[in-house]
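Undergrad: Before I ask anything, let me first share the structure, which is written out below as C-alpha cells.
Bear in mind these aren't lab numbers, they're just calculated from the coordinates by the rules spelled out. Nothing here was measured: the structure is a model prediction, and the numbers come from that model. Cβ: placed from backbone, ideal geometry, glycine included. Neighbour counts: every protein chain shown.
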Amino acid sequence: MREHAITHGHPLLSRRTSGVLLHLTSLPGRHGSGDLGASARHFLDWLASAGQSLWQILPLTPPGAGHSPYQSPSAFAGNPWLVDLDDLVSCGWLAPPADPGFDPAHCDFARVIPYRLAALEAAWQGFTAHATDAERAALAEFTRRQSAWLDDYALFMVLEARHGPAWTRWPAPLARHDPQALRAVQDEAAPELGFWRFVQWRFQVQWHRLRDEAHARGIHIAGDAPIFVAHQSADVWAHTDQFLLDEAGEPRGVAGVPPDYFSATGQRWGNPLYRWDAMAHDGYRWWKQRMAHLLSQVDLARLDHFRGFEAYWKIPTSEPTAQAGQWCAGPGQAFFHALREEFGPLPIIAEDLGIITDAVTRLRRDCGFPGMRVMQFAFGDTPRNPYLPHNFEPCTVAYTGTHDNDTTVGWWANAGDAERQAARRYLGPMADLEINWALIHALSQSVAHTLVIPFQDVLGLDGRHRMNTPGQPEGCWTWRFAWSDVGDEPARRLASMVRAHGRA
C-alpha cells in the first residue's frame, strides 16, 4: 500500500528534491511589494547557489478580501500587483516612478495597490500612444487566445468599478450576465477593458520569462490551486450554473472547515460551494480549463484542501462560525479520473492537512498524489504521529511549516513544555541550539521525496515574520525580507545538506 501511490505519480514528485517556499510579494524591491522583476531573478540565483530545485509560491491570482490570494476575483487572472513596473519603463511606456519610500519590511497594501494601479494605468496610456505594430499585434493575439476567461474577467473588473463589490446588486441584466447588456458595455468601455487585458498580457509575458529563467537554472515552480473561488469573482458571476447559489445569485451554503488545530470555532471561509453534479454532467469543463491554465504556468500544483474532493464542510450562510456545518460528499475519484484523461499523470501535491479520514487517504493514494507532512505538528502525542519523519512514506512532501503556520522559531517560542520535551527527545541537543535547522535536517534525511522549507525558517526568523494566521481577516500576507537579512551562510548550509542527503 505504501508504494502503490508512486506507480502512476508524476516524475517530478518521484525523485529526491528540495525547495523553498516564498511568495513573490515577499521579495525585496522599491515598489512596495515583491514582483516579477529583478529580485525574483536574483532569488532564482540564490536558490541555485543553495542547491535547490523547487520554488514554491502561493496563488498567482489577484488577491481579494484581506489581500488574501485565496479569495481571488479570478481563478485564471494573474495578480496585477506582481507586474514588474521597471519592465514597463524599459518598454518605453512608463516614465520611471518617483521613489515612494515604502517600508521594505512589509507590504502596506493600502498604499501599494493605488500606487501600482496608477503606474499600470500610465503604462497603458503609454502603450496606447507609443506601441509598435508588433506590440499591438502581440496584445491582440494574447487577447484572442485567452478570451475564454479574459473577456469575462475584464468585464467583471470594469463593472465592479462602476457598480460596486457585489455583483448580485448590479443592474439585473448585468448581474444575470445577459449577452446583449454585456455587448453594450463592450462597445462603450473599450479603453477600460483594454487596460485589464493589457495588464494580463504583461503579467503573462513577465511570468513566462521568469519561469524560463528558472528552468535554465534547473529550478521548477510549484504553484498553488485554492479549491474554492470567491463569490465576488468573474468565475462565479459568469458560471452561476456551476455553483450552489439561490435565485438571486447568493450562496446556498459556504465553505470552511470545522474546529481544528488553528481555530476552536473552525474556519468560515465564505466561498460558494460547487454544484458537483452539474460539473460532472459537462465533464468538469470549468475545472479542466482552470487546470490547463494553471499547468501552463507552473510545473507542480499544490491542490489546496484536498480533503474537500472527498467530502467538504458545508456551513449554513446564516451561521457566523464554522461550527454548525456538515460534511457533504465531494466528487471523489471520478473528478481526478476526468483530469487524468485530459492531462495524463497529474503533477499535484495534495494538501491533506486537518481532519483526514481513511477515505481521504485512500483517495489520495489511489490518485498517486503525495501528501503533505508538517513537522511542527509532530510532537503532540506518540511516536506513531504521522508527521514524525520515521513514519513518512516516500510519496510525501515534507515541510517544517507552511504559509499558515508560525515560523519554526516562533512555534518553538510558544510551544508547551510537553511538546518541547518530545521534540528534544526526537531531535537531540540541536533542538535548543537551532530549532529551525534541527527540523530542516531531520526532514531532509527522511525518505520523503520532496522537501520544502519556508524561507523564514531558512533564515531562522521569529514569529514577527509569519505570513498568515488562519481565521485572522486582516493584517496577514504582508511579510517581506531584505537581501541584507540573508547573508551567505543559509545557502551554504542548504547546499551542503542537500548534497549529503541525495537531494542535489
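Undergrad: Would you please give the residues with an amide H less than 5 Å from that of Gln71, counting only those at least 5 places away or on a separate chain, with H modeled from the backbone geometry?
TA: Gly64
Undergrad: For Ala38 and Ala110, FRET efficiency with R0 = 22 Å and r from the beta-carbon atoms, rounded to 0.05?
TA: Efficiency, rounded to the nearest 0.05: 0.30.
Undergrad: Taking the Cα centre as origin and putting +1 on Lys and Arg beta-carbons and -1 on Asp and Glu beta-carbons, what dipole magnitude results for segment 57-164, to the nearest 20 debye? Write out the running numbers ahead of the final one.
TA: Working: 6 positive and 13 negative charges, 53 e Å.
Around 260 debye, computed over segment 57-164.
Undergrad: Still on this model: ³J(HN,Hα) across segment 328-339 via Karplus (A = 6.51, B = -1.76, C = 1.60, θ = phi - 60°), whole Hz, x for Gly/Pro?
TA: 10, 5, x, x, x, 4, 4, 5, 6, 4, 5, 5
Undergrad: Can you work out ³J(HN,Hα) from phi for every residue in segment 31-40, in order, using Karplus 6.51 cos²θ - 1.76 cosθ + 1.60 and θ = phi - 60°, giving whole Hz and x for Gly and Pro?
TA: Whole-Hz 3J(HN,Hα) from phi for segment 31-40: 9, x, 7, x, 8, 8, x, 4, 5, 5.
Undergrad: Can I ask one more? Select one label from (1) 33.5, 110; (2) 22.7, 70; (3) 35.5, 136: the one whose number is Rg and Dmax of the Cα atoms in Å as derived from the coordinates shown.
TA: Checking each listed value against the structure points to (2).
Undergrad: Calculate the length of the line joining the C-alpha centroid of segment 188-266 to that of segment 279-316, in whole Å.
TA: One Cα centre to the other: 11 Å.
Undergrad: Starting from the amide H of Phe243, placed 1.01 Å from N in the peptide plane, find each other amide H under 5 Å away whose residue is 5 or more places distant or on another chain.
TA: Answer set, sorted by chain and number: Arg275.
Undergrad: With θ set to phi - 60° and the Karplus curve 6.51 cos²θ - 1.76 cosθ + 1.60, what are the ³J(HN,Hα) couplings of segment 17-24 in order, to the nearest whole Hz, using x for Gly and Pro?
TA: Once θ is set to phi - 60°, the couplings for segment 17-24 become 9, 9, x, 10, 9, 7, 7, 4 Hz.
Undergrad: Let me ask something else about it. Ranking request for peptides 145-154, 401-410: highest mean number of other beta-carbon atoms within 10 Å first, then the rest in descending order.
TA: The densest-packed peptide leads the list: 401-410, 145-154.
Undergrad: Can you list the residues, at least 5 places off or on another chain, whose amide H is less than 5 Å from the amide H of Ala311, using H built in the peptide plane?
TA: Gly330
Undergrad: Once every DSSP H run of n ≥ 4 in the chain is given -39500 (n - 2.57) and the sum is divided by its residues, what mean residue ellipticity at 222 nm do you get, rounded to the nearest 500 deg cm²/dmol?
TA: Mean residue ellipticity at 222 nm (helix-derived): -12000 deg cm²/dmol.
Undergrad: Roughly how many whole Å is it from the C-alpha centroid of segment 12-68 to that of segment 391-456?
TA: Going from one Cα centre to the other spans 21 Å.
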